[in-house]
Amino acid sequence: MNTPNVLTITRLLLIPGFVYYYFSPLENGDGIAVILFSIAGFTDILDGFIARRFNLVTRLGTVLDPLADKLMLFTVLASITMRGQIPFWIIAVVVIKETLLVLGAITLFNDHDIVVPANGYGKLSTIAFYTAIIAVALDMPYGRIMLYGFVMATVVALAVYVNSYISIRRRQMDLIKK
């Protein structure tokens with residue numbers, strides 16, 4: 001167990017706290033939920049930075065980190081959808097995108113022991129997600145517009161990942177033919 005893994009586990013543990021405070025009748029429940037969500041976003045950035053900078057990447061971390069990200073993503077989107085703050089189609093688009101990414105990643109890893117690395121579009125999508133969710137959760141002006149920007153960024157990220165997946169599959173098939 002190292003620092004990046006502890007940060008990732010902390011992010012997982014923040015999810016129930018977010019849900020509790022987001023739906024609580026407390027006057028400042030939304031604010032506390034947003035703070036927990038912001039802490040989760042910070043730990044996401046920090047654990048990746050520490051893991052790469054100090055060569056602390058572990059198999060546990062490579063599994064837990066994306067799991068924590070996706071659980072937080074789905075939990076927050078489901079929560080704000082349940083409250084009627086965003087339309088259902090947004091969570092549907094994100095679930096489809098994430099499902100396709102996971103299936104593609106599993107296929108490449110199982111068939112060729114290859115991992116498609118994160119790209120700039122995926123990171124931009126994550127930043128857009130955190131920014132938009134904070135804006136929507138706090139009912140800030142233009143929050144929904146920012147959320148639509150997140151959806152566009154996530155679709156672009158999916159297209160880039162699909163392109164990478166296809167390129168890797170083609171290279172693998174070319175190697176098999178030779």
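The values are calculated or read from the model by the stated rules, or taken from the named source; none is laboratory data. Bear in mind the structure is a predicted one, so any value in this text is a computation, not a measurement. Don't worry about glycine lacking a Cβ; one is built from the backbone with ideal geometry, like all the others, and counts go over all protein chains shown. Heads up: the accessible areas ignore ligands, DNA and RNA and are worked out on the full protein's heavy atoms, side chains in. Shrake-Rupley method; radii C 1.70, N 1.55, O 1.52, S 1.80 Å.
Couple of notes before you dig in:
- Candidates Phe88, Phe18, Phe23, Phe42 - the one that is within 29 Å of Met140 (Cα to Cα) and within 13 Å of the chain's Cα centre (by Cα): Phe42
- Filter result (over 13 Å from Phe150 (Cβ atoms) and in a helix (DSSP H, G or I)) within the stretch 73-88: Phe74, Thr75, Ala78, Ser79, Thr81, Met82, Phe88
- Complete set of residues in the stretch 78-106 that are under 22 Å from Asp65 (Cβ atoms) and open to solvent by 40 Å² or more (accessible area, probe 1.4 Å): Val95, Ile96, Thr99, Leu100, Val102, Leu103, Ala105, Ile106
- Restricting the stretch 108-138 to residues that are modelled with pLDDT of 70 or more and β-branched (Val, Ile, Thr), the residue that is surrounded by the most Cβ atoms within 10 Å (Cβ to Cβ): Ile133
- Residues of the stretch 13-67 that are open to solvent by 80 Å² or more (accessible area, probe 1.4 Å), assigned to a loop (DSSP other than H, G, I, E, B), hydrophobic (A, V, I, L, M, F, W, C) and at pLDDT 90 or above: Leu26, Phe54.
- Residues within the stretch 49-69 that are in contact with a helix residue (DSSP H, G or I) (Cβ under 7 Å, 6 or more places away or on another chain) and over 20 Å from Val34 (Cβ atoms), tallied: 9
- Per the conditions (1) part of a helix (DSSP H, G or I); (2) modelled with pLDDT under 85; (3) more than 23 Å from Leu100 (Cα to Cα), the sole criterion not satisfied by Met146 is (2).
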